[in-house]
Structure formats: C-alpha cells, structure tokens
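A quick write-up on the structure given underneath.
The values are calculated or read from the model by the stated rules, or taken from the named source; none is laboratory data. This is a predicted model, so every value here is computed, not measured. Here the Cβ is made from the backbone with ideal geometry for all residues, glycine too, and neighbour counts use every protein chain on show. In case anyone asks, the SASA skips ligands and DNA or RNA and just uses the protein heavy atoms, side chains included. Shrake-Rupley method; radii C 1.70, N 1.55, O 1.52, S 1.80 Å.
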Amino acid sequence: MCGIVGYIGGRQAQTILLNCLGRLEYRGYDSCGIAVAAEHTTVFKDAVRVKALAQTLPKLEGKTGIGHTRWATHGEPSMINAHPHCDCTGRIAVAHNGVINNSQKLKQQLVSEGHLFVSETDSEVIPHLIEKYYEDSLPKAVEAALHEIEGSYAIVVLMEGERELVVARKDSPLIIGIGDRENFIASDVPAILDYTSRVMYLEEGDVAVVTGDEVKVRGNGVEVAREEHKVPWTVKDAQRGGYEHFMLKEIHEQPKVVRDTLSEYISIAQPAADMTVVGGSGMEDILMLACGTSYHAALVGKYIIEQLVKIPVRVEIASEFSYSGRASARNKAIVISQSGETADVLKAIKQLKNEDCHVIAVTNVVGSTVSRIADQVVYTRAGPEISVAATKSFVAQLIALYWLTLPYSRVDIRQLDEMVLGLRQLPGKIQQVFDNEEAIKSLAAEFARFNNAFFVGRGINYPIALEGALKLKEISYIHAEGYSAGELKHGPFALLGPETPVVAVVARDNTYEAMLANIKEVKARKSPVLALVEDDDDEVSGLADWIIPVPGVDALFSPVVNVVVLQLLAYYTAKQRGCPIDFPRNLAKSVTVE
Ligand code: AGP
C-alpha cells in the first residue's frame, strides 16, 4: 500500500527520489519523506503530498537516498509517523512497507535496552534493531534484524558514510531497477520507468546489497542470481497524457486495451494451454477468488462460464476464503488480481497450494508476486493502471475471461464465430459510449446532488451494478449500494424515495421483463430512475427519469459497454463534487495488508 523508492549512483539523489515518489503516489498519499546520505544522513518528511514536500525541501547533497509515500496502518498520518524512520543516532534510515506483527514486543525490549522511539509506527523498530546489531557491516546488521521480525516487509535501508543500500522483502513487493552505473529501488515498476526498463524482481526472503555498479542478492543466507527482465511498459504509459486525471485517461484507453488484450491472446501459438482450466476434460466445477473490482470481474466470469460451458462456478472474496472451506472438487482455481500484490489474494493462493490446488492467475503485472507463485498465468494487457479506481484492468479481465471460456463453450461453430466477431467489435462499441460522453457528464451534474444511490442489475449485469456502485462510492463519496434488482424489495425498499435514485442496468436478454417490472416497483416508491438501455429501447425509456443509451451488443458482452458508462458516470459525478479523483480519501492502489 505504501510506496518505496531508492537511488544509488553518480547523480544527486534528491530530484530522482522525488520524481520516483511522485510516480508512486497512487500507492498511498497521506504523508511522504526522503532521506539522503552523504557524510551525514538527512531526513525530510511531512504529512503532505510529494509535490508539497518538494517545495519545502532545501537542496540535499548526496548520491544515495531513499523515499517513501505512506498509507497509514499504525499511527495517524503525521510528520512523526511518516517514513523514513531512523535509529537513535540518526545515521541509519529505513523506508518500510508491510506490517510488523511483533512490533510491540520488539519495541518493549528495545526501549528496555535504552532505545528511544518517537513514532507510533510498527516500522520504527527496524532501524533500532539494525542499530542494535550493527558492528561493522550494514548488510549483516539488516539480516540479524530481520531474523527478529515477524510479519511482512519490503525495506530499503541506508546508512551515512556507506555507498550501498540494503534491501529486503517478504510478503511485500520490491524491485531493483538496473541503470547504467546507477541502480534504483521501488515497490512498483511505474516509479522507475523514467530511468530504466531493466528490472530484477526479488524473491521471498531475499536480502540484496545494491551499489551503483552491482546488485548482490542473498536468499536463505547464500548468494543467489536473480534474472534481469525487460518491462513491457513505457514512461508514456504511466503518464497522464494530457488528461486531467489518470482515471479519465484509463477509461479512454479501454478500446485499445481490448484490442491489445485480444491480439495478445490471438497471437499466442497454443492458447489452449492456458485454457484447459475452464473446460478441461472431466472438469466438474471451478473456484474463482479475487477482491474488489477484480471480484466483480470474477462474478461476471461465473455467468460467462456457466452459460457457455455449463459447469458450476463458485466465486469467493479472497479475504473470506480461509474461513469458508476448501478448494473446488477438482482442485483448480482462477485467481484474479490486477496488481498481483493484494495480500488477501496472496494468502488465499498459499492456502490453495497447501491443498494441492492448481492455481491459474489472471493479472496485469508481469513479475508480480501472484504471477510468480501461481501455477499458470494469463496476463491482461491493460498497461500500468495508476488510478486508484480500477477501470481498464476490469475490462481487460473480462476479455481474458471471455477468451478463456470461448474454446470450451457448448455452442456450434457458427455461434462461436459470431461471438469472436462480437468480441472484436467491442473496441468500436466502447468508442460509441464515448460519443455520448457529454450527455453522461450533464447527467452526472444532476446526479451529484444525491447522497445515496442504489445500482441494480440482473444476470450477467448484476456484477456490473456492484461495480457501478463501488466506482461511485470510492471516488465521489456518495453512499452507493449495488443489488441484484430482485433483492431490492427484500429490505432496501425501505430506503427508496425522491432523494434516493436507482441506477438500473438493463440488458436485452432473459432479464429484460423482470427488470422492467422492478423499475416500475421503484418508480411506485418515488425513487428517480436512471436507466442504461440499448439505443432503440422504448419501454424502459418511457418509465425512467433519465436514460443513457448504450450501443447494442450480444447480451453476453453487455457488461463491457455498461461498465464504461458507469465509470464515466462515477468520474463526472466525482468531478462535479470536487473530489480528488485519482487520490480518493483513505484508499490506495494495491492493498498489501490483510
Ligand atoms: C477498485 O476500484 C479498487 N481499486 C479495488 O477494489 C481493487 O480492485 C481491489 O483492491 C483488488 O485489487 P487487485 O485487482 O490489484 O487485486
């Protein structure tokens, strides 16, 4: 959730650290700080965003430095609680992501030995432990300190007078960017794309010593080689490109994302190798696990697979899986995670693997932890998603699920061809949604005055109602709930009335008549209705207060166009309400704590 950066090389570290931190701010943005070391270690930090910190900083001399942008877990956002944290002498500075479970015990022990703590964070025990074990080698002291720590961590450590950074990771991501006689540390690839696209992914438990010229990695106490990879993303992919917000840019990238993801799959010589999970012979059921927006993609996947392949699919929220039981009968599971770093997903995968389950991951990030621990990986090609609110990654996940399922669908070849054609037409259909963007914007201006809303759908568009509500609440702070349209009358009706609009996602499929009846019921309770309907629909249009026409597509693909409408509705509503769209309060892009 927090972001870590580090630099060591021939250039002044300050500008590079601030630039990298700016690119990483989506991981957490309640406070930030940097430490630069030359003869002395200098730390600057505050409960402000990176830009504001940069404006207050003096020029710091030093070609070795670390930085951090925080999403608070232990202790409120404040200058004192911001990272980097130092030892008693102020010579050692540490930036940490993760949670130290035994921090209280360690802190008590360290305090009894004379260490002075200033923050409320769990992270502060790390520099003190390193100080305690330091004799003449920083790497040795770091390894000794890590032996004492229970929990998750990605850390970067510097010490004044030392021309090396020591980094380590366990259950929290960390990469090393390889430059020309300079090296970079980051918790996420977009942080370093301005400087290099060569990266080394650290494995669980690795400790590395990084200088300007080399990277030495130790795993399980012995020197190990970690491969260098070329990142498939460019700096441009991670920039706003003239859009006011990353979210709007990423919404607009969706036609390209669908094209790129499809052409990636079509170009794979033997796509079936990855797809046997869905319909392989003898397959009895499938388990799908994910969180948040990815969970909604999994729910759509359930409808796709059950409709086309006719085998039951169980979808579970990853954070609930450990309480709810076992893997599927045939021990195969599809796990979906945009970032590939979500802690609850990682925990669920570990449990699945303990049960000898074969795990197929759908992820957007090459080299992510999920991609490395799963048995098979299906990559989406959404490019880096910076906006906290997931948009293009969701659509890419849907395309992956269609593509995984189609070869096993129980339809004839003519219908299959039509479906493939339907998929290929989706970029054009999404473009047609953008043709209507001004109308959605005007409607959002009216919608923005409400404080509560329901989103309803049925069948394959029920998860789209859930996703529409999630998008609206996370960036506009309007309380929104997604429901299956049939469930509203089982309780939520008590809340309907003129001040509670209902957004109805209506598809031309076997849910249409029931949706029509539900809209009538809602109207009878005086709630205003905003309906998403196909271009030429008359019946719903006659009932709803507002209509957003969507281009006609096969109902199976309707989630793709409908979700784009709801993303735009959420975006323009949040904009109208003056919300910080790319940095919604209390949230961060990838949730690396349980
Ligand atoms: C949605 O807008 C959020 N970003 C969030 O729900 C997200 O989908 C969830 O945290 C799961 O993330 P993942 O796909 O990276 O695992």
Count - residues of the range 374-391 that are open to solvent by 10 Å² or more (accessible area, probe 1.4 Å) and small (Gly, Ala, Ser): 3
If I go through the range 234-263 residue by residue, how many of them are open to solvent by 40 Å² or more (accessible area, probe 1.4 Å) and hydrophobic (A, V, I, L, M, F, W, C)? 1
For Ala95, state whether it is assigned to a strand (DSSP E or B), hydrophobic (A, V, I, L, M, F, W, C), open to solvent by less than 80 Å² (accessible area, probe 1.4 Å) and closer than 23 Å to Gly9 by Cβ. yes
If Leu165 meets every condition in (1) modelled with pLDDT of 95 or more; (2) of a type in the set (A, V, I, L, M, F, W, C); (3) more than 23 Å from Val210 (Cβ to Cβ) apart from one, which number is that one? (3)
Yes/no for Asp344 being touching a residue at least 12 places away in the same chain (Cβ under 8 Å), of a type outside the set (Gly, Ala, Ser), more than 21 Å from Leu202 (Cβ to Cβ) and touching an Asp or Glu at 6+ places or on another chain (Cβ under 8 Å): yes
Being within 21 Å of the chain's Cα centre (by Cα) and at pLDDT below 95 narrows Val560, Val593 down to just Val593
Which of the following residues is surrounded by 19 or more Cβ atoms within 10 Å (Cβ to Cβ) and over 19 Å from Cys2 (Cβ atoms): Glu131, Glu143, Glu148, Glu135? Glu131
Let me confirm something: among Ile192, Ile155, Ile185, which residue is open to solvent by less than 10 Å² (accessible area, probe 1.4 Å) and closer than 14 Å to Ala238 by Cβ? Ile192
List every residue pair whose Cβ atoms lie under 6 Å apart, where the two residues are 6 or more positions apart in sequence or sit on different chains, the first residue falls within the range 464-484 and is in contact (Cβ under 8 Å) with a residue 24 or more places away in the chain and not assigned by TED's automatic domain parsing to the domain that holds Phe454, and the second residue, located anywhere, is in a strand (DSSP E or B) and within 13 Å of the ligand (Cβ to nearest atom). none
Any chance you could count how many residues in the range 43-69 are surrounded by fewer than 19 Cβ atoms within 10 Å (Cβ to Cβ) and within 26 Å of the chain's Cα centre (by Cα)? 4
Here are the criteria: (1) open to solvent by 20 Å² or more (accessible area, probe 1.4 Å); (2) at pLDDT below 90; (3) assigned to a helix (DSSP H, G or I). Tell me which single one Ser281 does not satisfy. (3)
